[in-house]
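Accompanying notes for the structure given below.
Readers should treat all values here as calculations from the given coordinates under stated rules, not as data from a laboratory. All values reported here derive from a predicted model rather than from experimental measurement. Note that each Cβ is placed from the backbone with ideal geometry, even for glycine, and that neighbours are counted across all protein chains shown.
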Amino acid sequence: MVIGHALGRLLLAAAALGLVTALWAPMASGQATDTAKTNRIALHAAIEGPIGPATTRHIERVIEAARERRPEVVILRIYTPGGLADAMRDVIAEILASPVPVVGYVAPPGAHAASAGTYILYATHVAAMAPGTNLGAATPVAIGMPGAPKDEPKGEPDPGAAEEGAKPDTSEAEKETAESKVLEKIRGLAPDEAMAAKATNDAVAFIRSLAEMHGRNADWAEKAVREAASLSSAQALEQGVIDLVADDAEALLEALDGRSVTINGAERRLATEGLAIETVEIDGITRLLSVLSNPNVALILMMLGFYGIIFEFWNPGSIVPGVVGAISLTLGLYALNQLPLDYAGLALIMLGVVFMVAEAFTPTFGILGFGGLAAFVLGSAMLIDTDAPGYQISWWVIGVMAAISASVLILLLGFTLRAYRRPARADIARVIGGLAQVQDWSGASGHVWAAGELWRARSAGGAPAPSTGEAVRVRGVDGLTLLVDHANAPESDLETDQ
C-alpha cells in the first residue's frame with residue numbers, strides 16, 4: 001500500500017516535470033530566437049583624427065559593449081594621420097582581447113590609415129579599405145618615438161667584403177661578415193641614433209607579429225616602418241596587406257559573409273549578410289577628453305589657471321578669478337598628465353610664471369619679467385615630448401600667450417615707473433580724528449603708527465607728552481606732521497593747528 005502511494009506520487013511528479021518542460025521549451029526557444037535576433041547586428045565605431053587618450057577610451061567602450069551585446073562583428077572605421085604610441089598599443093590590446101571579430105575599415109574614399117593607423121589595421125581580424133584610400137608611413141617618428149635610424153637599405157652589398165676576400169658561396173664567411181658589419185654599425189652609432197635603431201627594430205617586430213597573426217604581408221609591413229612605404233587600397237589588396245576592398249559598410253558586410261576568422265584561438269565563420277548596423281557614438285566625457293588632450297588647449301588652460309590665481313592673491317576677495325583659475329589649472333594639469341610630457345619644459349614654464357609674478361610684486365624694471373617670459377617660451381616649445389601628428393603645441397599659441405604676458409609686464413613696468421616718478425602724497429582725511437599708537441616720543445615730538453603707516457607727530461596745543469605705546473587721537477596735521485593728544489582728552493579744550 002505504501003509502495004503504491006509512493007509510486008503514484010513519483011509518477012505524478014514526473015508528469016508535472018514533463019508538463020513544465022513541455023511548456024518551458026517553446027518559451028526558451030522563443031527567448032533564444034529573440035536573443036539571436038538581438039545579436040544579429042554589427043556595431044560600428046569611428047577612429048578619427050589623431051590617436052590619443054580619447055581614442056583609447058572610446059575603443060574600450062566599444063569593446064565593452066561588444067562583450068555585453070555579442071554582435072556578429074565590430075566595424076572600426078579608420079581615418080587617422082597617426083598618434084601617440086602608448087594610445088595605439090592600448091587600442092591594439094583591446095582589439096586583440098575582443099571576444100567579437102573586429103573589422104578594420106579605412107573609409108570613406110579619401111581617408112588614410114597612416115602611421116599608428118596602419119598598426120591598428122594590421123591588428124584587426126579582417127582588414128578592409130574603401131576605394132581611393134591609402135595606408136602606410138608607419139615610421140617610429142610618426143608615432144611619437146625617436147627618429148628613424150639612418151641605416152643603409154637592406155640587402156646592400158658590403159663594399160669591404162670583396163676586399164677582405166669573402167666568397168659569396170661560403171655561408172660561414174657571409175655570416176661572419178654580416179655579424180661584424182652589424183657590430184661595427186652599432187658601435188659607430190651616436191646615442192640618439194642607437195635609440196632610434198632600438199625604436200625602429202621594436203616597431204618592426206611589433207607590426208610583423210601582427211601581420212603573422214592574421215596571415216598578412218609581413219615584409220611590406222616592415223617596409224612601411226623602415227622606409228615609410230605607403231599603398232593605395234588596390235595595391236594593398238594585391239600585395240596581401242588587406243583582405244578586401246568595399247565601397248561602403250553594406251558592401252563590406254556582404255563581402256564578409258561566409259569568411260572564417262580566428263578569435264582567441266578558435267575559428268569562427270561570419271554570417272553578416274543583412275545585419276543591421278548600430279553606431280556607438282562618442283560620449284560626452286570622451287569628447288571632453290579629446291578637447292583637453294589637445295596640448296594647445298592644455299597650455300592655455302594652465303596659463304589661465306596661473307593668471308587667475310595670481311590675480312586672486314593680488315586682489316583678495318575677487319572670488320571669480322580664483323575659482324576660474326583653480327578649475328582651469330586643474331583641467332590643464334589633468335590634460336598634460338594624459339600626454340607625453342617633458343618635465344623640463346613644465347619646470348621652465350613654472351619658473352617663467354614665478355619670475356613674472358616676482359616682477360609684479362618686487363619690481364626689478366623688467367629683469368625678472370622678461371627673463372620669465374623667455375623661460376615661458378622655451379618651456380612651451382619643449383612641453384610635449386612627441387612628434388606625433390596632432391600633438392604639437394602651435395607656435396601661434398605660444399606667441400599669443402607670450403604676447404599677453406609681455407603686455408602685462410609692460411603695463412606693470414609703466415605703473416611702477418609712474419609710481420616712482422609721482423611725488424609723495426598723504427591721504428590726510430583718513431587719518432584725522434582716528435586713533436594712533438605712539439612708537440617713540442622725546443620732548444614734544446615723536447613717531448606714531450596711524451592708518452598702517454609710520455608718521456612724525458607732535459603734541460597738539462601744548463598737550464602733555466604721551467608715553468610709548470599709548471593710544472592717542474589725531475587732532476590735525478601740520479605739513480606731514482600729525483598733531484596728536486591723549487585719546488580721552490575733550491576736543492573743545494585743545495587748540496589745533498591745521
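Would you mind checking which residues have amide H under 5 Å from residue 51's amide H? H placed 1.01 Å from N; only 5 or more apart, or other chain.
82, 83, 84
What distance in nm lies between label points placed 7 Å from Cα along the C-beta direction at residue 279 and residue 314?
Those two pseudo-labels are separated by 4.7 nm.
Give me 44, 58 ranked fewest to most by other Cβ atoms within 10 Å of their Cβ, as a rough exposure proxy.
Fewest to most other Cβ atoms nearby, the residues stand as 44, 58.
Defining a contact as two alpha carbons under 8 Å apart and six or more residues distant in sequence, what relative contact order in percent does the stretch 294-421 show?
25
For the stretch 294-421, take every pair of Cα atoms, bin their distances at 10 Å starting from 0, and report each bin as a whole percent.
Pair shares across the bins are 14, 42, 33, 10, 2, 0.
Under the rule of at least 5 residues apart or a separate chain, name every residue whose amide H is placed under 5 Å from the amide H of residue 457.
It is 446, 447, 448, 482, by chain and number.
Give the peptides 208-216, 264-272 in descending order of average Cβ contacts within 10 Å, highest first.
By packing density, highest mean first, the sequence is 208-216, 264-272.
Take 73, 297 and order them by how many other Cβ atoms sit within 10 Å, fewest up front.
Arranged by neighbour count, lowest to highest, 73, 297 become 297, 73.
Fewest first, what order do 59, 285 take by the number of other Cβ atoms within 10 Å?
285, 59
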